Amino acid sequence: MAKRRTLVGQAGLATGCLVVMAAVAAGAAEIPIGMSTVLSGPAQALGEGMKTGVETYFKKVNAAGGVNGNTLRLVVYDDGYEPDRCAPNMHRLIDEDKVLAVIGNVGTPTAIVAVPIANEKKTLLFGAFTGAGVLRKSPPDRYVINFRASYEEETGAMIQGFLAAGIKPEEIAFFTQNDGYGDAGYAGAIKALKTQGYAAAESLAHGRYTRNTENVEDGLATVLGSSPKAVIMVGAYKPCAKFITMAKEILPETLYANVSFVGSVALAKELGPAGEGVIVTQVVPPADTGLAAVQEYRADLATYAPGAAVDFVSLEGYLAAKVFVEGLKKAGATPTREGLVDAIEGLTGLEIGIGFPIGFGKTDHQASGQVWPTIIRNGSFVSLDWKALQP
């Protein structure tokens, strides 16, 4: 029976690929691309941002005639940032909607279930909004390709930055989401500390909270007990904002640093005046860099998503979509799921306006490892020089 199910699954996969090919060849000229993301709950701004960014670039492409004569349609389902909702969404997108690929999913807990489905169904999962290691195996999964830097690279940059600012390893603490996302960021920071020669990294204070809640009090108590000079935070914007607001009443001089997944603009909005001096590492360029990609994104956002605010999350979705489309161009007028993966793996020396070329390969499934540190000053994010934090 198990063998029969496998054969049925393979037949369904082949049928899905043929449907995509036939639809394009028949002149339907519309390629469905899927997304399972968080559009409800305390992290919904992240899903909305990725959706806005990807849709903005797709609309621009469609307005210019599409890709090889084909237009793109984004099919989106809400998973509420919960794995048990993401899994059926992935099956529905691949098996029923016959998407060519899935792009821009949000979150590590959901990626943990999405990755094996993408591999099983041999359907590309591209540019997910997470830096977790589950999407960054070595050698990489054929059907998982990333745009952004990893959480290990982000928290590693924080450790290096804090040490450069004169903060000692024993003066650092952690506040993380109690799941695979929090684990990924925490593990990256611990690795960076040990690389710097600090063997007692696991003994540092580590507070946690439950995903999709704002129950930060226990984690806050754990962190406050060590009176740290810096707190590395791996969480979502609402609980992190609550933590920072409460912690600053007792530790106003402590530095609070968040990874990019937090949702920078949403975090700043939640924090209000308490946001002054809060740090967020970014995996896309800050708005004050003046890079071509940022200016292009601003202009297209105003045209195709009027009223949407400039935001790091939607910029990431926009850039991921831009790279995806470059691969789709190389996949030809009748793209297949396998051909698309081959085409993206063949992208090298691609200039997308972020200050350096990007590319992929069969053993390299991440476009960028760049981390841009930013800090909130007068309600806005500006680029940060870590050494400027020195007392």
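The values are calculated or read from the model by the stated rules, or taken from the named source; none is laboratory data. Everything quoted here is computed from the prediction, not taken from an experiment. As a convention, Cβ positions derive from the backbone with ideal geometry for all residues, glycine included, and neighbour counts pool all protein chains shown. These accessible areas exclude ligands, DNA and RNA; they are computed on the full protein's heavy atoms, side chains included. Shrake-Rupley method; radii C 1.70, N 1.55, O 1.52, S 1.80 Å.
Charge tally around THR281: other residues with Cβ under 12 Å, Lys/Arg +1 each, Asp/Glu -1 each, net -2.
Dividing the Cα radius of gyration by the Kirkwood radius, what Rg/Rh value follows for the range 193-325? We get a ratio of 1.04 for the range 193-325. Dipole orientation for the chain: of the candidates SER227, PRO42, LEU350, LEU350 has the Cα lying most toward the positive pole (charges on Cβ; Lys, Arg +1; Asp, Glu -1). What is the calculated FRET efficiency for SER227 to VAL310, with r their C-beta to C-beta distance and R₀ = 35 Å, to the nearest 0.05? Working from the Cβ atoms, E equals 0.40. Ranking VAL54, THR71, THR289 by how far each Cα lies toward the positive end of the dipole of the chain (charges on Cβ) leaves THR71 at the top.
Answer rounded, prolate or oblate for the range 37-108, using the Cα gyration tensor with square roots of eigenvalues a ≥ b ≥ c: rounded when a/c is under 1.5, else prolate when a/b is larger than b/c, else oblate.
Details: a/c = 3.39, a/b = 1.51, b/c = 2.25.
Cα axes put the range 37-108 in the oblate bin.
Charge dipole of the range 139-183 (Cα centre as origin; +1 on each Lys and Arg Cβ, -1 on each Asp and Glu Cβ, all else neutral): 160 debye, rounded to the nearest 20.
Excluding same-chain neighbours fewer than eight residues apart, the lysines reachable from LYS248 by a Cα-Cα span under 18 Å are LYS229, LYS238, LYS269. One decimal place: the segment ASN68-SER383 gains 109.6 nm when fully extended, by the rule 0.36 nm per residue minus the C-alpha distance.
Do any GluC sites (Glu not before Pro) in the range 248-284 lie in a DSSP loop with no more than 15 other beta carbon atoms within 10 Å, and if so, which?
On the way: sites: GLU249, GLU253, GLU270, GLU276; in loops: GLU249, GLU253, GLU276.
Listed in order of number, the matching sites are GLU249, GLU253, GLU276.
Were the residues from GLU120 through LEU350 laid out at 0.36 nm apart, the gain over their Cα-Cα distance would be 79.9 nm.
With a 1.4 Å probe and all protein chains left in place, how much accessible area per residue does the chain have, in Å²? Intermediate results must be reported in sequence, preceding the final value.
Working: 14840 Å² over 391 residues.
Solvent-accessible surface per residue comes out at 38 Å².
Among residues other than GLY353 with Cβ under 11 Å from its Cβ, the summed charge is -1 (Lys and Arg +1, Asp and Glu -1). Counting only alpha carbon atoms, the long axis of helix 312-330 and the longest principal axis of the chain meet at about 30°. Free of any trypsin sites (Lys or Arg not before Pro) that DSSP assigns to a loop and that have at most 15 other C-beta atoms within 10 Å, the longest stretch within the chain is 138-361. Pairs over the 21 Å Cα-Cα cut-off, from the set LYS51/LYS121; LYS330/LYS362; LYS59/LYS330; LYS59/LYS137: LYS51/LYS121; LYS59/LYS137.
Computed per residue of the chain from DSSP H runs no shorter than four, each worth -39500 (n - 2.57), the mean residue ellipticity at 222 nm is -13500 deg cm²/dmol. Computed over the chain with a Gaussian network model linking Cα atoms closer than 10 Å, the most mobile of ALA173, ALA292, ALA192 is ALA292. Summary value for the chain: 19 percent relative contact order, contacts being C-alpha pairs under 8 angstrom separated by 6+ residues.
Give, rounded to the nearest 20 debye, the magnitude of the charge dipole that the range 87-162 has about its Cα centre when Lys and Arg contribute +1 at Cβ and Asp and Glu contribute -1 at Cβ. Don't skip to the end; give the middle numbers.
On the way: 8 positive and 8 negative charges, 36 e Å.
In total the dipole reaches around 180 debye.
Magnitude of the Cβ-charge dipole of the chain, K/R +1 and D/E -1, about the Cα centre, nearest 20 debye?
820
Using a Förster distance of 56 angstrom, determine the FRET efficiency expected from the C-beta separation of GLU326 and ASN178, and round it to 0.05. Between GLU326 and ASN178 the formula returns 0.90.
With both labels modelled 7 Å from their Cα along Cα-to-Cβ, the LYS362 to ALA333 distance reads 3.0 nm. Helix 180-195 and the long axis of the chain differ in direction by around 60°, with both axes built from C-alpha atoms. Of the accessible area of the chain, computed with a 1.4 Å probe over protein heavy atoms only, carbon and sulfur atoms account for 53 percent. Relative to the globular-protein estimate of 2.2 N^0.38 Å, the Cα radius of gyration of the chain stands at 0.99. Projecting the Cα atoms of VAL259, GLY188, ASN119 onto the dipole axis of the chain, where Lys and Arg carry +1 and Asp and Glu carry -1 at the beta carbon, places ASN119 farthest toward the positive end.
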